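As structure tokens, the structure follows; a few thoughts come after it.
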Amino acid sequence: MATIKAGHKGYFTVSTCVLTGTAAKEVALHLGSGELDASTIGQNWKEFMQGQAEATIDASGVWDAGTAATAMDALLWAMINAGGTKLFEFVPGGSVANETKYTGNCLCTKYDVSDPLAGVIGFSGAFRVAGSVTRSLVT
């Protein structure tokens, strides 16, 4: 039987900045792999092989300027402005023992700040995983 969990305990951090809790309201890890065309001339049907795996992460929620260098806005600004990869950790079920955890290094490919007329300031960020994703359990 499947174990169904509520989505309010998730944990997502990039470098030293925790983006869940007060800031991120939604985080999505996208895992996939490319496909390689292995067809040869004369075949009636195309043939494919699995290509290299890849991953991206999308996060959005309430913007947090903070005052520390580790605040969300400072971190994402630096990732866009200076580039480079940062360690990420994503635990959909919350950072407690035996929950599935995904870790790796990512670079920020998009950082948006929005200021709606009748709402709170929001953010969205997109991250591309550089290298592999490790799947383990929280200890």
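The values are calculated or read from the model by the stated rules, or taken from the named source; none is laboratory data. Treat the numbers as computed from the prediction; the structure is a model and nothing was measured. Positions of Cβ are generated from backbone atoms using ideal geometry, with glycine treated the same way; all protein chains shown enter the neighbour counts.
Go through the residues of the range 130-137 one by one and say whether even a single one is touching a Cys at 6+ places or on another chain (Cβ under 6 Å), of a type in the set (Val, Ile, Thr) and farther than 15 Å from CYS17 by Cα. No; the residues of the range 130-137 include none that is touching a Cys at 6+ places or on another chain (Cβ under 6 Å), of a type in the set (Val, Ile, Thr) and farther than 15 Å from CYS17 by Cα. If you go through the range 81-102 and keep only what is under 16 Å from VAL14 (Cα atoms) and surrounded by 16 or more Cβ atoms within 10 Å (Cβ to Cβ), you end up with THR85, LYS86, PHE88, GLU89, PHE90, VAL91, PRO92, SER95, LYS101, TYR102. Criterion applied to SER95, SER132 was being within 17 Å of the chain's Cα centre (by Cα), part of a loop (DSSP other than H, G, I, E, B), of a type in the set (Ser, Thr, Tyr) and modelled with pLDDT under 85, and the one residue passing it is SER95.
Please indicate, with yes or no, whether at least one residue in the range 81-89 is over 23 Å from LYS101 (Cα atoms) and in a strand (DSSP E or B). No, every residue in the range 81-89 fails to be over 23 Å from LYS101 (Cα atoms) and in a strand (DSSP E or B).
Answer yes if at least one residue in the range 17-26 is of a type outside the set (S, T, N, Q) and farther than 25 Å from SER114 by Cβ, and no otherwise. Checked the range 17-26: no residue is of a type outside the set (S, T, N, Q) and farther than 25 Å from SER114 by Cβ.
The set of residues in the range 103-121 that are surrounded by 10 or more Cβ atoms within 10 Å (Cβ to Cβ), closer than 17 Å to VAL62 by Cα and either of a type in the set (A, V, I, L, M) or at pLDDT below 90 (or both) comprises VAL113, VAL120, ILE121.
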